[in-house]
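Asks: Please read through the structure below; I'll follow up with questions.
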Amino acid sequence: MGARYEEDDEADYPFLRESIRQRPQRAGERTAKQQAVRQQTSRQQPAKQQAARLQTTKLQAVPQLSAKQDRNARQRQAALIRRKRRMRRRKQILAVLLCLLLAGSVLAVRRLQREQSEAGGQAVSGELSAGRSFGLFGEKIQGIDAGQYEKHPEWTEDFLTISEYSRPGEPLGEVKNIFVHYMATPNTSAAQNRSYFENLKDMHDVPGASAHFIIGIEGEILQIVPLDEMAYAVKGRNEDSISIECCYKAENGQFTQETYDSLITLLAWLTDTYGLDTEDILRHYDCGGKKCPLYYVEHEDAWKLLKQDVEEARK
Ligand SMILES: [Zn+2]
């Protein structure tokens, strides 16, 4: 305790030592004799007692400070406390600012990531219907140069939900062929067939099936899988081909004129877009032998004529 008092408190209150030194002088009425006796007595006292006496003397000195010194001491102490408070407050403000900065940075990074994924989305998430992306060679939509994409025949975009039974959400490789199919049930609309594919995800015991497009009996075109994604239409060729399903009325599977015309326009645009030859248009039958599309498998001349019509449409 004694050591603490001397080291800490005396550093802050140097006047304490001074006042102790001054005390005997202030008590001027003591005679020199009395002083001498006092000093002699104290020299004879054991060191321990002398230390205790000194301590008492020091403690007694506090109430004897002058009013001015006391005020100075209080002011200094108050200033010290204020300074400490100020420092603490500054530290708190700094901590809050750092937290805000950190939170702001995190939010900014997240927003940037979201914007990038929206702009450059490959539509794999299923929610990004536009499928726009910006690469070194300009803007692409569904993996196609924006300028060429805008020339596509009129169609309605109604993508399937991503599911392992119809739209796996996997990227399509380099397109080498376009396949033409027909839907198994006659007299159905494009929308009805889309629903069939969409519902496959809930009927877990069926093989996967889909296409990129369905053309209805009124000639309406529905796009149900983006062109930069794989569809399930031709076993072993889903990775590098695009498929079109066609609806029909006639028992023999022949397409209506409206369906046929839309098909020719779509095939012309697709072959141009992917730099393919008209001979690269295939029937599902040409890869695996399935009788699809029925009429154009049973009528080879009709199939040849169809390709000629595409050739004409491309000019
Ligand atoms: Zn088929």
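Asks: Within a 10 angstrom radius of the beta carbon, how do His152, His299, His212 rank from fewest other beta carbons to most?
Replies: His299, His152, His212
Asks: Still on this structure: May I ask you to sort Leu98, Leu270 by Cβ crowding, counting other Cβ atoms within 10 Å and putting the fewest first? Kindly include the intermediate steps, with their values, before the conclusion.
Replies: Values: Leu98 10, Leu270 23.
Least crowded to most crowded, the residues run Leu98, Leu270.
Asks: Once you keep just the Cα pairs under 8 angstrom separated by 6 or more residues, what percentage relative contact order results for the stretch 154-314?
Replies: 28
Asks: In whole Hz, with x marking every Gly and Pro, tabulate ³J(HN,Hα) for the stretch 268-273 from phi via Karplus 6.51 cos²θ - 1.76 cosθ + 1.60, θ = phi - 60°.
Replies: The phi angles translate into 5, 5, 5, 5, 5, 4 Hz.
Asks: Distance in nm between label sites at Arg83 and Glu150, each 7 Å beyond Cα in the beta-carbon direction?
Replies: 7.1
Asks: Test of understanding: what is the full-extension gain from Cys287 to Ile93, defined as 0.36 nm times their sequence separation minus their Cα-Cα distance?
Replies: That pair, Cys287 and Ile93, stretches by 62.7 nm at full extension.
Asks: Report the local net charge at Thr278: Lys and Arg +1, Asp and Glu -1, summed over other residues whose C-beta lies under 9 Å from its C-beta. Walk me through the numbers on the way to the answer.
Replies: Details: positive: Lys307, Arg314; negative: Asp277, Glu279, Asp280, Glu311.
Around Thr278, the surrounding residues sum to -2.
Asks: Further question: What number do you get for the stretch 154-314 when its Cα radius of gyration is normalised by 2.2 N^0.38 Å, N = residues? Let's see the in-between values first.
Replies: On the way: Rg = 14.4 Å, N = 161, 2.2 N^0.38 = 15.2 Å.
Taking the Cα Rg and dividing by 2.2 N^0.38 Å, one obtains 0.95.
Asks: Rounded to the nearest 5, what % of DSSP beta bridges with both residues in the stretch 154-314 are antiparallel?
Replies: Around 25 percent antiparallel, to the nearest 5.
Asks: Now for a different question. What order do you get for Ile81, Ile242 when you list them from fewest to most C-beta neighbours inside 10 Å?
Replies: Ile81, Ile242
Asks: Still on this structure, please answer the following. Taking K and R as +1 and D and E as -1, what net charge do the other residues with C-beta under 9 Å from the C-beta of Phe179 add up to?
Replies: Combined, the nearby Lys, Arg, Asp and Glu give +1.
Every read-out reported here was derived from the displayed coordinates using simple, explicitly stated rules and does not represent laboratory data. These numbers come from a predicted model, not from an experiment. Quick reminder, even Gly has a Cβ in these numbers, built from the backbone with ideal geometry, and neighbours come from all protein chains shown.
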